[in-house]
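The values are calculated or read from the model by the stated rules, or taken from the named source; none is laboratory data. It should be emphasised that the depicted structure is a prediction, and the values quoted were computed from it without experimental measurement. A quick note on method: Cβ atoms are made from the backbone with ideal geometry, for glycine too, and the neighbour counts reach across all protein chains shown.
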Amino acid sequence: QFTANQIAAGEVVERPASAVKELVENSLDAGATEITVEITAGGLSEITVRDNGWGMDEEDARLALLRHATSKIRGAEDLFRITTLGFRGEALPSIAAVSKLTLKTRPAGSDRGTHLEVEGGQVLSCRPAALAPGTIVQVRDLFYNTPARKKHLKSAGTEGGAVGDALSRLALARPEASIRFIHNRREIFATPGTGKLLEALAAVMGMETARQMLPVEDISRDWLAIRGYAGRPVLHRSNRRQIIVLVNGRYVYSSLVALAVQEAYHTLLPAGRHPVAVISLQVDPELLDVNVHPAKLQVRLAREREVAGAVTRAVREALISTSL
Ligand code: ADP
Ligand code: MG
């Protein structure tokens, strides 16, 4: 039988990468400064996210598995004023509905933890557990009970790559958290959690790439601050995926900003090639129109031509201020 949670799950969690994104956002929302994500077989067989956040008591842990039981806010009218990444109370129940999930959690102030076992959304058991303060969510056999969805998944390699992409964006958006990613027992990256974007970037994209990044900064306006790093043209890539756009601390899809970055490289890159860049905008929330798809964020910016022009100029300045 198909439940509302299984239907919602299709929107929130379409593949291992979206489950990982939601779980890590929950860890960040819980104030975690250290998050370890471990997956096997691209996340198809197992995903484990552990954090040192503030955890949950038994009642909250049970509640967290119910739909729309967010502890965060009531509405999403003004998303960018919300300081938490989650707000819908849909992710955990959605993931639980389509997997075999273990939730172990202990609030900071308590000496007792809770261990919940859930299968296909049904709580099978709940018992006390010993663990350090924080939360461990383990997801096994994602989509085991929704074969149609499972059929859409790609190979473990592709799914694992998508998990890495999603995690690296979160790591870049939150350089103050140390995020460690392990795939099939091998460490893929670990950010130091120093709050420095360039150090997170070095961990995620490699030292060699980080050395080729030029600082971008334009904080001359009171409604828009542009910061980040733009890669030297030699770093060019075959796709635009490595132009990462953050708006007010969130990873977003913004072809406007991505194209504005690309524009700065006009004539500097071979035809059909794309730069590497991480551009972080702080904008007045009033200027944002957020179109919230359950799994991704699309933004429209007011004064978008000014924003695009400013981004292009800031990146271009970074490029010409050094000898290429
Ligand atoms: P949302 O993030 O939109 O509130 P979720 O379904 O993702 O909804 O999570 C439900 C609730 O479970 C959260 O509001 C939070 O209270 C709690 N929760 C989930 N993950 C964690 C975690 N890692 N640490 C502490 N609390 C958590
Ligand atoms: Mg959430």
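Being among the charged types (D, E, K, R), within 8 Å of ligand 1 (Cβ to nearest atom), within 24 Å of LEU167 (Cβ to Cβ) and modelled with pLDDT of 95 or more: is that true of ASP51 here?
On the way: among the charged types (D, E, K, R): yes; within 8 Å of ligand 1 (Cβ to nearest atom): yes; within 24 Å of LEU167 (Cβ to Cβ): yes; modelled with pLDDT of 95 or more: yes.
Taking the combined requirement at face value, the residue satisfies it.
Just one of the numbered conditions (1) surrounded by 22 or more Cβ atoms within 10 Å (Cβ to Cβ); (2) within 17 Å of the chain's Cα centre (by Cα); (3) touching a residue at least 60 places away in the same chain (Cβ under 8 Å) is not true of THR191; which one? Of everything listed in (1) surrounded by 22 or more Cβ atoms within 10 Å (Cβ to Cβ); (2) within 17 Å of the chain's Cα centre (by Cα); (3) touching a residue at least 60 places away in the same chain (Cβ under 8 Å), THR191 misses just condition (3). Residue pairs whose Cβ atoms lie under 6 Å apart, sitting 6 or more positions apart in sequence or on different chains, and linking a residue in region 248-264 that is over 21 Å from LYS21 (Cα atoms) to a partner that is in a helix (DSSP H, G or I) and of a type in the set (Val, Ile, Thr), are VAL257/VAL311; ALA260/VAL311; ALA260/THR312; VAL261/VAL315; GLU263/THR312; ALA264/THR312; ALA264/VAL315.
Of the residues ILE279, ILE182, ILE226, ILE244, the single one that is part of a strand (DSSP E or B) and outside the structural domain of ALA302 (by TED's automatic domain parsing) is ILE182.
Given VAL311, VAL299, which one is modelled with pLDDT under 95, crowded, with 22+ Cβ neighbours inside 10 Å and of a type outside the set (Asp, Glu)? Before the answer, list the steps.
Numbers: VAL311 fails: modelled with pLDDT under 95.
Of the residues listed, the single one that is modelled with pLDDT under 95, crowded, with 22+ Cβ neighbours inside 10 Å and of a type outside the set (Asp, Glu) is VAL299.
Being without any contact (Cβ under 8 Å) to a residue 40 or more places away in the chain and within 16 Å of ligand 2 (Cβ to nearest atom) is the filter here; which residues of region 7-59 pass it?
From region 7-59, those without any contact (Cβ under 8 Å) to a residue 40 or more places away in the chain are 7, 31, 59; that's our starting set.
If the condition is that a residue be without any contact (Cβ under 8 Å) to a residue 40 or more places away in the chain and within 16 Å of ligand 2 (Cβ to nearest atom), then GLY31 is the only one that fits.
Right, LEU269: within 30 Å of VAL12 (Cβ to Cβ) and not small (Gly, Ala, Ser) or not?
Values: within 30 Å of VAL12 (Cβ to Cβ): no; not small (Gly, Ala, Ser): yes.
So LEU269 fails the test.
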